[in-house]
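Peer 1: Below is the structure I would like to discuss, written out as structure tokens.
The values are calculated or read from the model by the stated rules, or taken from the named source; none is laboratory data. None of the values given here were measured: they were computed from a predicted structure. Methodologically, a virtual Cβ is constructed for each residue, glycine included, from the backbone with ideal geometry; neighbour enumeration extends over all protein chains shown. Keep in mind that these areas ignore ligands, DNA and RNA; they rest on the heavy atoms of the full protein, side chains included. Shrake-Rupley method; radii C 1.70, N 1.55, O 1.52, S 1.80 Å.
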Amino acid sequence: QVQLVESGGGSVQPGGSLRLSCAASGFTLTTLDYYAIGWFRQVPGKEREGISCISIVDGSDGSTYYENDDMRGRFTISRDKVKNTVYLQMKSLKPEDTGIYYCAVQILDSGSWVPFVAEEYDYWGQGTQVTVSS
């Protein structure tokens with residue numbers, strides 16, 4: 001079974017930075033031929049929304065996606081294949097970024113896929129809280 005464990009959340013002032021980590025266990029990421037791993041968040045009062053994800057093809061990084069230009073400008077997704085860990089570097093944090101951040105994996109086939117439909121993801125972590133407040 002797949003386990004995803006997020007860490008790195010916490011409290012930060014507006015304008016600050018955080019780096020979230022998602023450690024995968026129960027399987028080795030390189031054994032999957034085609035999958036996506038990404039970050040979502042649950043902001044109070046809103047539906048779970050996508051942030052960023054990366055497709056992995058035969059063990060190599062494929063395309064990187066961001067939900068919108070604001071996230072693209074402030075958040076960066078990266079992957080350490082050796083550590084089986086995906087990161088989300090966040091900068092210029094705003095109070096509206098407050099929420100629970102989740103890591104998720106979607107196993108893909110050869111067809112088309114959509115990056116940020118939460119229901120399409122197969123495995124989820126338990127989430128890590130991010131609070132941006134002065």
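Peer 1: Among the residues that make up region 100-108, is at least one of them crowded, with 18+ Cβ neighbours inside 10 Å, among the polar types (S, T, N, Q) and within 27 Å of Gly26 (Cα to Cα)?
Peer 2: The answer is yes, given that some residue of region 100-108 is crowded, with 18+ Cβ neighbours inside 10 Å, among the polar types (S, T, N, Q) and within 27 Å of Gly26 (Cα to Cα).
Peer 1: While we're looking at this one, here's another question. Quick one: is Gln126 closer than 24 Å to Gly10 by Cβ and either part of a loop (DSSP other than H, G, I, E, B) or open to solvent by less than 20 Å² (accessible area, probe 1.4 Å) (or both)?
Peer 2: Yes: the conditions hold for Gln126.
Peer 1: Now for a different question. Quick one: in region 8-18, of everything that is open to solvent by less than 50 Å² (accessible area, probe 1.4 Å) and part of a loop (DSSP other than H, G, I, E, B), which residue is farthest from Pro95 (Cα to Cα)?
Peer 2: Gly8
Peer 1: Could you please give the count of residues in region 75-93 that are surrounded by 12 or more Cβ atoms within 10 Å (Cβ to Cβ) and not in a strand (DSSP E or B)?
Peer 2: Number of matching residues: 6.
Peer 1: Now for a different question. Considering only residues that are part of a strand (DSSP E or B) and among the aromatic types (Phe, Trp, Tyr), look in region 98-123 and name the one that is farthest from Gly16 (Cα to Cα).
Peer 2: Per the stated criteria, the residue is Tyr123.
Peer 1: Do any strands (runs of 3 or more DSSP E) lying entirely in region 19-70 carry at least 1 residues that are exposed (fewer than 15 other Cβ atoms within 10 Å of the Cβ), and which ones are they? Reasoning before the result, please.
Peer 2: Working: elements: 34-42, 49-57, 60-66.
Of the strands (runs of 3 or more DSSP E) lying wholly inside region 19-70, those with at least 1 residues that are exposed (fewer than 15 other Cβ atoms within 10 Å of the Cβ) span 49-57, 60-66.
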